[in-house]
Amino acid sequence: MNVVTRKAIALLSLTGLWACGPTLDSEPTPAPEMETLGQTQESLSCASLGESTQLNACPELCALVNHLPLPQPRASLSRNILTTSLDVKLDTLSATAAIQVAPSLATGLSLKVGKIQVTGVRSRCGALNYTVQDGQLDIGMPIWASTVLIDYTFEETPDFDGYMPTGSTFLWPSFCANLFPCHPALADGVKFSLKVSNAPAGKTVVYPTRIPADAPAYMLAWAVGDYTEIPLGSTTAGTQVSVWHLPGEAEVATAGTLHLKDAVDFFERQYGAYTFGGKVGSVSANWGPGAYGGMEHHPYWHVASDAMDDKLVHQHEAAHGWYGNGVRIQCWEDFVLSEGTAEYLTARSVRATEGADAEAAVWTQWRAELERAVSRGDTYALPDSTCNAIDILTHPLWSNIPYKKGAFFYRALEQQIGTEAIDRVLARFYRQHVGRTARMQQFLDLVKAETGQDPTALANAWLRGLGIPAATP
């Protein structure tokens, strides 16, 4: 750090103007309560950036630092992103991202930018130095700045890796960089605010204006279409539940979500408070002919139009609010902690909302699906000897195996330790790790610590072994 920089920092501290951004030794600032672009914690003591993202919002700060040399771009993907605020214009496929990062003495900030085209990078005091190479944006980040504004354009991508021509976004597992500058890594959790405007005439955009808890970068989404919302009621905790359908889908949407509100209520009461907002629901996504399933874009998760009548898809995606999104997996090798847990919770929600006979029918259906999956090509559901050493899109783990073997593992575990015990462990694990990452082995360790019963044999049979254990009920 040069002498001039030390003097500027001292002046900022003495005059109290550092309130335009967090101090270097402070705790990270809380998530912004505002929903418009740029209204981060920085803006509370200076004029707000507002939707126009003007850079004269903190003239006192800028007067002190504008004579300082700007740092050159430096690669650094380790800088923690606290919040990402997006202002998206659909008519021009353009956007501005206001990204707030944790305080640091480092002068580098790197973000993945994939297929987007960066047109400018600035702080509240003016343009910043940056380079873009091989899908990575490297920024020279002044140590006095905690928010960077990035202007860019994006494109329609037909391959389930960004903004699709049919109007919905699809970012899982690591395609956030095709929609906004991001860190795709599983370990990074981000709070979001979003504004999407200039939709085609007569079209509605369904999206959350704010995600107040740390979420995986792939979770943010929107969908554009001729949507009709059907309110489904509120849970005991007051969470509003809805379904949004496209023309001609009212009947199947109603049938598929008949028990969705009660399923969300079960998850909240049994496992813990929902953290991604006060309103949730399923959104029909036009993914094209033959596409089936859903995607955990909470709080408004997407369900393929062809699956809108499938209650299991709706309730599985809802369950990801607790496991997969609420508790993020630390490694792709722990995929079963997301999908296997959500699948088991789906069956449990059927039991809670429709009764034991309805749940039994689900397990019968899933047993047949598991047998087909194993016959097509078996694989380990929990290859946890490494961490993020696999490409989930090309690895055999990306299959129905971790979903179904994971669900049957949990069912066997419930039979071993009892329903009350497994619910207690799932709830405690959720409370311990919500908003953060975890590994499947940590869950297994908690089972043993809480119940005194070692689940290793079950895990080895169902998750770390091949085939279908003979004792399957």
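Among the listed pairs Lys203/Lys404; Lys115/Lys404; Lys112/Lys279; Lys195/Lys311; Lys112/Lys405, give every one whose C-alpha distance is greater than 32 Å. Beyond 32 Å: Lys203/Lys404; Lys115/Lys404; Lys112/Lys405.
The DSSP beta bridges internal to the range 227-319 are antiparallel in roughly 45% of cases. For the peptides 345-356, 370-381, residues were scored by their other Cβ atoms within 10 Å and the scores averaged per peptide; the highest-first order is 345-356, 370-381. Bins of 10 Å, beginning at zero and ending with the bin holding the largest distance: percent of Cα pairs per bin for the range 178-249, please. Percent of pairs per bin, in order: 16, 37, 35, 12, 0.
The per residue volume of the convex hull around the alpha-carbon atoms of the chain is 148 Å³. The charge dipole of the range 397-449, taken about its Cα centre with unit charges on the Cβ atoms of Lys, Arg (+1), Asp and Glu (-1) only, comes to about 160 debye. Value of Rg to Rh for the range 151-280, rounded to two decimals, is 0.98; Kirkwood radius and Rg both from alpha-carbon coordinates.
DSSP bridge analysis restricted to the chain gives an antiparallel fraction near 70%, rounded to the nearest 5.
Here the range 328-462 is treated as a sphere whose radius is the Kirkwood value from Cα pairs; by Stokes-Einstein at 25 °C and 0.890 mPa s it diffuses with a coefficient of 160 µm²/s. Gyration tensor analysis over the Cα atoms of the range 227-319 returns equivalent ellipsoid semi-axes of 22, 13, 11 Å (largest first, whole Å).
All of the numbers you see were taken from the coordinates with simple rules; none came from a lab. No experiment lies behind these values; they were computed from the predicted model shown. Every residue, glycine among them, receives a Cβ derived from its backbone with ideal geometry; neighbour counts consider all protein chains shown.
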